[in-house]
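The values are calculated or read from the model by the stated rules, or taken from the named source; none is laboratory data. The structure displayed is predicted, hence computed values, not measured ones. Reconstructed Cβ throughout: ideal geometry from the backbone, glycine too, with neighbour counts over all protein chains shown. Surface accessibility is based on the protein's heavy atoms, side chains included, excluding ligands, DNA and RNA. Shrake-Rupley method; radii C 1.70, N 1.55, O 1.52, S 1.80 Å.
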Amino acid sequence: MLFDFGKIPPREGYKLLVSTVTPRPIAWISSQNPEGQLNAAPFSFFNVFAGDPPVVGIGIGSHEPGRAKDTRRNIRETKEFVVNLVSEDAAETMNVTAIEFEPGVNEIAEAELEIIPSVYVKPPRLAASPVSMECELMQIVELGADSGLVLGRVLAMHVRDDLMLDPAKHYVDTPRLKLIGRMHGTGWYARTSDLFQMDRIPRRNWILRRDKKAPA
Ligand SMILES: Cc1cc2nc3c(=O)[nH]c(=O)nc-3n(C[C@H](O)[C@H](O)[C@H](O)COP(=O)(O)O)c2cc1C
């Protein structure tokens, strides 16, 4: 079936996008306003976009027209944030921080989250996360009136000691991070435990394989 995004209401297009572009990693963002009020919330319109410079991006909307989510407002005003990744055992706590609280409510206190001071930025990181990235704002690409793509440069990454395979080589024990991904509909998530491996094919091997198959 064809769905023409110029003809369907935005809410229906949103449904098609979030139920097909899956699984999505989750950025559990800690930020603070200029007065130092802490905030935490999850965002699955998230990914990494470059290694050099190291850039992450997050699409953050509004609670209602004209009222940007606290995270986007905080990042715009302070230019700093921390992306904490979400493991299976932190899923329920993460979900508490997604409650649409009124402005000024400290989700970190509501969810009884333990925080750890960051090294380069003011917002702290979340102790429940196996990986946290301290970020500074590069730019916000405005996506219409009520949404913005936040691009952040990663200044530093914290990985829990026991989850490193070889710190000297920067090898992480990825399966043991047990990260979750956002799936479709209301409340579906994916575990990252059903893996398979597929090596890249060197061009020479591909050509040999192709020539063997070709009729003489
Ligand atoms: C798993 C998950 C992913 C979410 N992803 C997004 C997202 O990508 N963009 C967005 O604007 N809201 C997203 N939300 C909703 C926000 O987390 C929610 O609106 C939150 O209250 C925003 O908090 P804030 O106003 O403190 O920033 C998501 C919620 C959940 C549970």
- Counting only the heavy atoms of the protein chains, how much of ASP146 is accessible to a 1.4 Å probe, in Å² to the nearest 10? 50
- Task: Would you kindly give the portion of the calculated P(r) for the chain that falls above 32 Å, as a percent of all Cα pairs?
- Result: 26
- Note on the structure: Mean Cβ-within-10 Å packing, highest first, puts peptides 62-69, 22-29, 134-141 in the order 22-29, 134-141, 62-69
- Message: Apply the a/c threshold of 1.5 to the C-alpha gyration tensor of the range 5-83 and tell me whether it is rounded, prolate or oblate.
- Response: oblate
- Accessible surface of ARG125 - all protein chains present, 1.4 Å probe, nearest 10 Å²: 50
- Task: Filter the DSSP H helices in the chain by two things, a Kyte-Doolittle mean of at least 1.6 and an axial alpha-carbon span of 20 angstrom or more, and list the hits by number.
- Result: none
- To the nearest 0.05, what FRET efficiency results for GLU35 and GLU88 with a Förster distance of 35 Å applied to their C-beta separation? 0.55
- Task: Sequence neighbours fewer than 8 away in the same chain don't count; with that in mind, list the aspartates and glutamates whose C-alpha is under 18 Å from LYS122.
- Result: GLU35, ASP70, GLU77, GLU80, GLU107, GLU114, GLU134, GLU136
- Message: At 1.4 Å probe size, what's the solvent-accessible area of SER44? Round to the nearest 10 Å².
- Response: 20
- Task: Once you have the Cα-Cα distance between ASP52 and ILE201, take 0.36 nm times their residue separation minus that, and quote the gain in nm to one decimal.
- Result: 51.2 nm
- Would you list THR186, THR97 from the most to the least accessible area, probe 1.4 Å? THR186, THR97
- the range 64-191 accessible area per residue, 1.4 Å probe, protein heavy atoms, integer Å², reads 57
- Message: How large is the convex hull of the C-alpha atoms of the range 105-216 per residue, in Å³?
- Response: 271
- Using packing as a proxy for protection, rank 118-124, 169-175 so that the peptide with the highest average count of other Cβ atoms within 10 Å comes first. 118-124, 169-175
- Task: Would you calculate, for the chain, the mean residue ellipticity at 222 nm contributed by helices, counting each DSSP H stretch of 4 or more residues as -39,500 (n - 2.57) and dividing by all residues, to the nearest 500?
- Result: -5000 deg cm²/dmol
- Note on the structure: Listed by chain and number, the lysines with an alpha carbon less than 24 angstrom from that of LYS15, same-chain partners under 8 positions apart left out, are LYS7, LYS69
- Task: Summarise the accessible area of the chain (1.4 Å probe, protein heavy atoms) by the percent that is carbon and sulfur.
- Result: 55
